[in-house]
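All remarks here apply to the structure that follows.
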Amino acid sequence: MTRHDPRISFLQMRDHVQEAVSLSRKKSRADLEKDRILNLALTRLLEIVGEAAGRIPTDLRVKFAGLPWVQIIGMRNRLIHAYDQVDLDIRYEIVSEDLPALSLQLDKILQNWEK
């Protein structure tokens, strides 16, 4: 098994979170339901965020315990394995309410990396 550079995983998380926020800006819950491409794009971005989070070593998850690791990784697992049971209301809430704050947290971690 290859060892992943955790900084790269943090960068991937941040970049994909920011892209999801950008794509969903000025979009409503109804837009998410009507626009299949938007829906699929946001789903894929959330999957990648969760996958990258799963690559962060345990010691760094403990160090950055303010991030909702269990929820981020669990979201990825739910989107992948229980895709037919994912509620659009919950996905919209995550993208519109949770991701902007997560983006700020990830930015702060990366700005302070190796300082």
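Please treat every number below as a calculation from the coordinates, not as lab data. These figures come from a predicted structure and were not determined experimentally. For neighbour counting, all protein chains shown are included, and Cβ atoms are generated from backbone atoms with ideal geometry for every residue, glycine included.
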Calculated FRET efficiency, S28 and D84, Cβ-Cβ r, R0 30 Å, to nearest 0.05? 0.80
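How many Å³ per residue does the convex hull of the Cα positions in segment 3-44 occupy?
Numbers: hull volume 2.5 nm³, N = 42.
Residue-normalised Cα hull volume stands at 60 Å³.
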Pairs of Cα atoms under 8 Å, at least six residues apart: use those to get the relative contact order of segment 6-111, whole percent. 42
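Counting pairs on different chains as well as pairs 8 or more places apart, how many Lys pairs in segment 6-111 have Cα atoms under 27 Å apart? All intermediate terms of the calculation are to be shown ahead of the outcome.
Values: K26/K34; K26/K108; K27/K108; K63/K108.
Close lysine pairs found across segment 6-111: 4.
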Here the membrane-span-like helices of the chain, with no claim about any membrane, defined by DSSP H, Cα axial extent at least 20 Å and mean Kyte-Doolittle at least -0.5, are 6-24, 36-54
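Could you grab the Rg to Rh ratio for the chain? Cα atoms only, Kirkwood for Rh. All intermediate terms of the calculation are to be shown ahead of the outcome.
On the way: Rg = 14.2 Å, Rh = 14.5 Å.
Across the chain, the Cα-based Rg/Rh ratio is 0.98.
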